[in-house]
Amino acid sequence: MDIRKVVLIQPGREGPILGRASAAPYTLMRLASLVPEEIPVEIWDENLEPIDPKLRQLGPHDLVGITSKTLSIESAERFARIAHEAGVRAVVVGGTHPTLLPEEVARWADVVVTGEAYRTWPRIIQDFINDTLQSRYDDTEWADLAGVARITDRVIRMVDENRRYWTPMLEITRGCPRNCTFCTAIRVSGSRMRLRPVEEVVEEIERRRIKRFFLTDDNFGLAFRTHPEYIEAVLKALAKLPLQGWTTQAELLISEYPDLLTLARRANLDKVFIGFESVNPANRRELGGKSKGQIAQYMEAVKRIHAHEIGVVGLFVFGFDHDTPQTLADTWEFACASGLDSLSMTILTPYPGTPFREQLIAENRLMDKPWRYYDTAHLTFYPKRMTPEELEEAYDIFCRRAYSTFNIVRRGLRVLSRHPLRRLPRKVFGSFSTDIGYRYTFAWRHVNGRRLLNAWGLGE
Ligand code: SF4
């Protein structure tokens, strides 16, 4: 069959913020780069513009690909329906949710892609052209990252990420062996930590001309322990680039590597998002061995990282079986005493394919909630030591306090005060932006979320 164009869709929720979308569609940029140059390709990001009217213009010679996580899978289904009504014959759906629950997605998608699509996507395009499209493509190879899906100049020009997005994304490592009971990383990215060749990382940054970025890596910090020579090489290479700053996810153990932290500072690492997860030591079994709920240990680690002028954003999860409202009071105390730069508090969420979800099913504690509530700000299961109302009330009180204008300004000014005067102009944006982003996410739970659901006809 002739192919007119390939359209890759990123469902969104937030919409543009001050004229730009928050995170650039990195996975789709790489998939778009695998489309042969002679075939037109477009990326449609719902965070930048409404997609429905454009979908209605498509036809049988267009190949539509949608990426979706659990939260957005209902949007993906709606896009597929509109595309089918317009005459599109092949809607391909991949991403984390189809990887975790392919049979569910197969009920409405023409093609389901599980695993990393970088190797199956070129085959899907060829099969569409040859009229031999299958209903399912699986990739569970966890293949090496060398040479995978190099972003092309055509896609860089098309996405124009430096003008249309606040945060370009970048991948350096992938995978995490920890297997925390609530996390999907091991099932989506694999348990083996894989590394991109340093020269490919540098080449990509230079060609994309990005000065700031957020790493998509599941646990970049773990590589400080598992692959220190590689991390040293990456950081030395990044230090030679004219970067303004970058951020990544890590874990506490990076504080044990002062030499690498010194290199990281030279490489313009701005701040690390550290998954403390819980200040309640009784939860340590759920945390895959990376945190033990020991506050004294946490405080010391934050101090050591701060000493390298690297900021620390604390990521916490609430709702483990040993948690009570007192856990949040303890978390707040820790956040204030440790001088965290920003903090994210989310509600434990039983994503498909996780041991935590299986436990809830076995104990009949899963609530019957649509996937759109799996946004880590809504409760989707019955907690053990609290009523749902108690958990939600404690969470709301915590977030209102944590993300009050007063506390955001206070934390931001404290961050600024840690930097020398010459660096202040570059630090202003980053000192407040993370907290403001979390405040926006929390607000979704109450106002914006309902407005959007009503607009979709999904309001309750
Ligand atoms: S350490 Fe982080 S990425 Fe790894 S399994 Fe745990 S939560 Fe997931």
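No value in this document is a laboratory result; all are computed from the given coordinates. A quick note: this is a predicted structure, and the numbers were derived from the prediction, not measured. Quick reminder, even Gly has a Cβ in these numbers, built from the backbone with ideal geometry, and neighbours come from all protein chains shown.
Could the peptides 157-170, 267-280 be put in order, highest first, of the mean number of other beta-carbon atoms found within 10 Å of their residues?
So the order, starting with the most tightly packed, is 267-280, 157-170.
Which residues in region 310-344 have a backbone N closer than 19 Å to a point placed 7 Å from the Cα of GLU392 along the Cα-to-Cβ line?
Within reach of a label on GLU392, which here means backbone N under 19 Å from a point 7 Å along Cα→Cβ, region 310-344 contributes 318-320, 324-326, 328.
For ASN268, what charge total do you get from the other residues with a beta carbon under 10 Å from its beta carbon, if Lys and Arg give +1 and Asp and Glu give -1? Before the final figure, lay out each step's value.
Values: positive: LYS211, ARG212, ARG265, ARG266, ARG426; negative: ASP270.
Counting the neighbours of ASN268, the net charge comes to +4.
Just the number: Rg to Rh for region 92-160, Cα atoms, Kirkwood Rh, two decimals.
1.01
Could you work out how far apart the two model spin labels at TRP142 and VAL409 are, taking each label as a point 7 Å from the Cα in the direction of the beta carbon, and quote it in nm?
Result: 4.9 nm between the two label points.
Report the charge-dipole magnitude of region 324-444 in Debye, nearest 20, computed about the Cα centre from +1 at each Lys and Arg Cβ and -1 at each Asp and Glu Cβ.
Details: 17 positive and 13 negative charges, 190 e Å.
So the dipole magnitude of region 324-444 works out to roughly 920 debye.
Pairs of Cα atoms under 8 Å, at least six residues apart: use those to get the relative contact order of region 211-297, whole percent. Intermediate values should be presented prior to the final figure.
Numbers: 124 pairs, mean separation 25.0, N = 87.
Taking the mean separation of contacting Cα pairs over the length of region 211-297, I get 29 percent.
Decide, for region 168-455, between rounded, prolate and oblate: order the square roots of the alpha carbon gyration tensor eigenvalues as a ≥ b ≥ c, take rounded if a/c falls under 1.5, and otherwise choose prolate if a/b is larger than b/c, else oblate. Could the numbers behind the result be given before it?
Details: a/c = 1.64, a/b = 1.40, b/c = 1.17.
It is prolate, given that a/c is not under 1.5 and a/b is the larger ratio.
Under 4.7 Å Cβ to Cβ, no partner at all: give me those cysteines from the chain, in residue order.
Those would be CYS176, CYS336, CYS399, since no other cysteine Cβ in the chain comes under 4.7 Å of theirs.
Among the DSSP beta bridges whose two residues both lie in the chain, what percent are antiparallel, rounded to the nearest 5? If you can, show how the numbers build up before the last one.
Working: 4 of 49 bridges.
Of the beta bridges lying entirely in the chain, close to 10 percent run antiparallel.
Which distance in nm do the two modelled labels at VAL428 and ASN364 give, with both placed 7 Å along the Cα-to-Cβ direction?
In this crude label model, VAL428 to ASN364 measures out at 5.9 nm.
By per-residue mean of other Cβ atoms within 10 Å, what is the highest-first order of 367-373, 346-352? Let's see the in-between values first.
Working: 367-373: 14.6, 346-352: 21.4.
Final packing ranking: 346-352, 367-373.
At a Förster distance of 41 Å, what's the computed FRET efficiency of GLU333 paired with LEU421, Cβ-Cβ distance as r, to 0.05? Numbers along the way, then the final one.
Numbers: r = 32 Å, r/R0 = 0.77.
Computed FRET efficiency for GLU333 and LEU421 comes out at 0.80.
Would you work out if region 5-139 is rounded, prolate or oblate? Take a ≥ b ≥ c from the square roots of the eigenvalues of the alpha-carbon gyration tensor; rounded if a/c is under 1.5, else prolate when a/b is larger than b/c, oblate otherwise.
Values: a/c = 1.36, a/b = 1.27, b/c = 1.08.
Taking the square roots of the gyration eigenvalues as a ≥ b ≥ c, region 5-139 is rounded.
For the chain, find the longest principal axis of its Cα atoms and tell me its angle to the long axis of helix 295-306, 0 to 90°, nearest 10.
On a 0 to 90 degree scale, this one is about 70.
Can you give the angle from 0 to 90° between the axis of helix 73-86 and the longest principal axis of the chain, with both taken from C-alpha atoms, to the nearest 10?
Computed tilt is about 20 degrees.
Does region 12-86 come out rounded, prolate or oblate by the C-alpha gyration tensor, with a ≥ b ≥ c the root eigenvalues, rounded set by a/c under 1.5 and, if not, prolate when a/b is larger than b/c and oblate if not? Please list the in-between numbers first.
On the way: a/c = 1.62, a/b = 1.15, b/c = 1.40.
The shape class here is oblate.
What are the aspartates and glutamates whose alpha-carbon lies under 15 Å from the alpha-carbon of LYS5, with same-chain residues fewer than 8 places away excluded?
Candidates past the 8-residue exclusion: GLU37, GLU38, GLU42, ASP62, ASP127.
How high is the relative contact order of the chain, given as a whole-number percent (alpha carbon pairs under 8 Å, six or more residues apart)? Before the final figure, lay out each step's value.
Details: 826 pairs, mean separation 49.7, N = 460.
Result for the chain is 11 percent.
Relative contact order for region 281-365: what is it in percent, counting Cα pairs under 8 Å that are at least 6 residues apart? Each step should come with its number before you reach the end.
Values: 65 pairs, mean separation 24.3, N = 85.
Once normalised by length, the contact order is 29 percent.
Can you work out ³J(HN,Hα) from phi for every residue in region 50-55, in order, using Karplus 6.51 cos²θ - 1.76 cosθ + 1.60 and θ = phi - 60°, giving whole Hz and x for Gly and Pro?
x, 9, 3, x, 6, 4
What is the angle, in °, between the Cα long axis of helix 228-239 and the longest principal axis of the Cα atoms in the chain? Nearest 10 is fine, range 0 to 90.
The helix 228-239 is inclined about 80 degrees to the chain.
Set the Förster radius R0 to 45 Å, insert the Cβ-Cβ distance between ARG401 and ARG89 as r into 1/(1 + (r/R0)^6), and round the FRET efficiency to 0.05.
Working: r = 52 Å, r/R0 = 1.16.
E(calc), rounded to 0.05, equals 0.30.
Using mean Cβ contacts within 10 Å as the protection proxy, how do 139-152, 43-56 order, highest first? Display every interim value, and only then the final one.
Working: 139-152: 15.1, 43-56: 16.9.
Final packing ranking: 43-56, 139-152.
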